[in-house]
Amino acid sequence: MLDVGLERLTTILLRMGEIAEEAVELSIEGFLKGLDVSERVRSLSEVLVDMSVDAEDKAFELIAKYQPVASDLRIIKSYVKIAHDLERYGRYSWDISFIHRRIAQSERCEDPWALIEGMTEKVMDMVHASIESLRNHDAELAKKLAITENEVDEIYFKYLDLSAEASISTRCLITNLLAVRYLERIADHAAYMGESIVYVVTGEKVALR
C-alpha cells in the first residue's frame, strides 16, 4: 500500500537525518579541536550516499506502482529533494575534515577574528532544526531557518572580507576559508530542506535563502 511505502520512505529520511547530523557535528568538532576525523566522516558520508540512492529508488517505485496524486505526490517529490540535501550534509562534512587533514595536517588553526566558532554553532542549529522540522512536519520551524541562514551568510562574507588581513599561516588561512565555504553550503541545504518541508505541509512554495 502507498501509506506503508511512504512510512518506509520517511523512516529512511529520518535515519539519514540522524547520520547527517552526526557527520556535521563530528567534522566541526574535529576542525575546531584539531583532530583528524576524516575517515570516520567519510564513512558516514558514504552511508548517506547509499541511503539517498535507496530513498530515490523507493520514491520512484511508489510513483510507478501507485501513481499518487495531490499531497502524496507532493510528499514523494519533496522527499527525493530532502534525501539529496541530507546527502550533501555528509559530503560537505567530509570536505571539511578532508581539507583539514590534507592542507592543515589536522592542526588546530587559529581564527584571528573569532568568527568560525559562532558560524559552526549557527550551522549546527540549522541542521538540527531542519531535521526536527522534517520529523514533526513543522512548517513554522522550517521557515525560521531563513533567519539563521542570513546570519551564516553575513559571517561568511565578513570572513572573506577580513581574510586579506590574516596573520596566520597560509595553510591555515586556506583551510579556514574552505571550511567556512562548506559550512555556508550546509546552511544553504538546510534552507532548501526547509523549503521542501513547507511545501509538503502547506503546498506553498517559499524561498528561504
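Which far-off residues, 5 or more places away or on another chain, put their amide H under 5 Å from the one on residue 110, with H placed in the peptide plane?
Here nothing satisfies the definition.
Lys pairs in the chain, Cα-Cα under 26 Å, at least 8 apart or on separate chains: how many?
Close lysine pairs found across the chain: 22.
Which value, in debye to the nearest 20, gives the size of the charge dipole of the chain about its Cα centre, when Lys and Arg are +1 and Asp and Glu are -1 at the Cβ? Could the numbers behind the result be given before it?
Details: 25 positive and 38 negative charges, 85 e Å.
About 400 debye.
How high is the relative contact order of the stretch 18-132, in percent, with contacts defined as C-alpha pairs under 8 Å that are six or more residues apart? Intermediate results must be reported in sequence, preceding the final value.
Values: 104 pairs, mean separation 49.9, N = 115.
After rounding, I find 43 percent.
In a Gaussian network model over the chain where Cα atoms closer than 10 Å are linked, find which of 153, 161, 85 has the largest mean-square fluctuation.
161
Hey, if you put +1 on the Cβ of every Lys and Arg and -1 on every Asp and Glu Cβ in the chain, which of 126, 31, 16 ends up farthest toward the positive end of that dipole?
16
Specify the residue with the greatest mean-square fluctuation among 177, 44, 145, computed from a Gaussian network of the chain linking alpha-carbon atoms under 10 Å apart.
Taking springs between Cα atoms under 10 Å, the residue moving most is 177.
Given a cut-off of under 8 Å on Cα pairs at least six residues apart, what relative contact order in percent is computed for the chain? Walk me through the numbers before you get to the answer.
Numbers: 287 pairs, mean separation 55.5, N = 209.
This gives 27 percent for the chain.
Could you line up 51, 193 from fewest to most neighbouring Cβ atoms inside 10 Å? Kindly include the intermediate steps, with their values, before the conclusion.
Details: 51 20, 193 31.
Lowest count first: 51, 193.
So which GluC sites (Glu not before Pro) in the stretch 157-209 pass both tests, a DSSP loop state and at most 15 other Cβ atoms within 10 Å of the Cβ?
Working: sites: 165, 184, 195, 204; in loops: 204.
Of the GluC sites (Glu not before Pro), the ones in loops of the stretch 157-209 whose Cβ has at most 15 other Cβ atoms within 10 Å are 204.
Just so you know, all these numbers are worked out from the coordinates, no wet-lab data involved. All of these numbers come straight from a predicted model, not from anything done at the bench. Ideal geometry is used to build each Cβ from the backbone, glycine not excepted, and the neighbour counts take in all protein chains shown.
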